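Student: Here it is: the structure, laid out below.
Where a number appears in this text, it was derived from the coordinates with a stated rule and is not lab data. Just so it is clear, the structure is predicted and the values come from calculations on it, not from any experiment. Using ideal geometry, Cβ is built from the backbone for each residue, glycine included, and neighbour counts are taken over all protein chains shown.
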Amino acid sequence: MRQITIIAAVGSDLAIGRKGDLAYHISADLKRFKSLTMGHPIIMGRKTFESFPGGALPGRRNIVVTRNARYHAPGIETAPSLEAALSLTDADDDVFIIGGGEIYRQAMPLATRMELTLVDDTMDDADTWFPTYDGSWAVTDSSEPQTCPRTGLTYRFVTLVR
């Protein structure tokens, strides 16, 4: 069965970004992101793609949603909408939605799984938030709370399905 998975690191106030960057840089979260998405298509908005310092993420099919039909960058495909991006991946069993806020909002009714890093923190200067989600999601896996040695932030990994 095809899985459309939303993957994100989310603060307790639903913050996911600020000033064009991730709200949280937690090494274990980035390693988990790489492990889960490797070999699978990833779909993102243009601003999310442009926040990557090295361009397209290796080992994954990078699909960027943009209204600009002339937008191009090495290693990516473009689509004018989330629906068009998903149709490019019809042959794939697992597809990951990796941001940003508007793409997450559009993907929420279509997603079948969420892989979240829930960070026990709020961010006063956040400018991008994860959408609220309802009780139709069930937690199927949750790690014990962990602490990032670099930042001191407490977080846990949670898998939700519906």
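Student: Here's a check for you: in the stretch 62-101, which residue that is within 16 Å of the chain's Cα centre (by Cα), small (G, A, S) and within 22 Å of D21 (Cα to Cα) is surrounded by the most Cβ atoms within 10 Å (Cβ to Cβ)?
Tutor: Looking at the filtered set, the residue picked out is G99.
Student: Name the strands (runs of 3 or more DSSP E) wholly within the stretch 47-159 that hold at least 3 residues that are under 24 Å from A28 (Cβ atoms)?
Tutor: Filter on the stretch 47-159 gives 94-97, 113-119, 138-142.
Student: Residue by residue through the stretch 22-45, note down the ones that are farther than 18 Å from R150 by Cα, not hydrophobic (A, V, I, L, M, F, W, C) and not in a helix (DSSP H, G or I).
Tutor: Scanning the stretch 22-45 gives G39, H40, P41, G45.
Student: Restricting attention to the stretch 83-94, does a residue exist that is closer than 27 Å to R156 by Cα, hydrophobic (A, V, I, L, M, F, W, C) and touching a residue at least 60 places away in the same chain (Cβ under 8 Å)? Before you say what the answer is, go through the steps one by one.
Tutor: Our first condition is that a residue be closer than 27 Å to R156 by Cα; within the stretch 83-94, this holds for 93-94.
Checking the rest, the ones that are also hydrophobic (A, V, I, L, M, F, W, C) come to none.
Looking for residues that are closer than 27 Å to R156 by Cα, hydrophobic (A, V, I, L, M, F, W, C) and touching a residue at least 60 places away in the same chain (Cβ under 8 Å), one finds none in the stretch 83-94, hence no.
Student: For S12, which of the numbered conditions (1) in contact (Cβ under 8 Å) with a residue 60 or more places away in the chain; (2) exposed (fewer than 15 other Cβ atoms within 10 Å of the Cβ); (3) within 14 Å of T128 (Cβ to Cβ); (4) of a type outside the set (A, V, I, L, M) fails to hold?
Tutor: All conditions pass for S12, except number (3).
Student: Considering A107, A73, which residue is touching a strand residue (DSSP E or B) at 6+ places or on another chain (Cβ under 6 Å), under 19 Å from I42 (Cα atoms) and of a type in the set (A, V, I, L, M)?
Tutor: From the options A107, A73, the qualifying one is A107.
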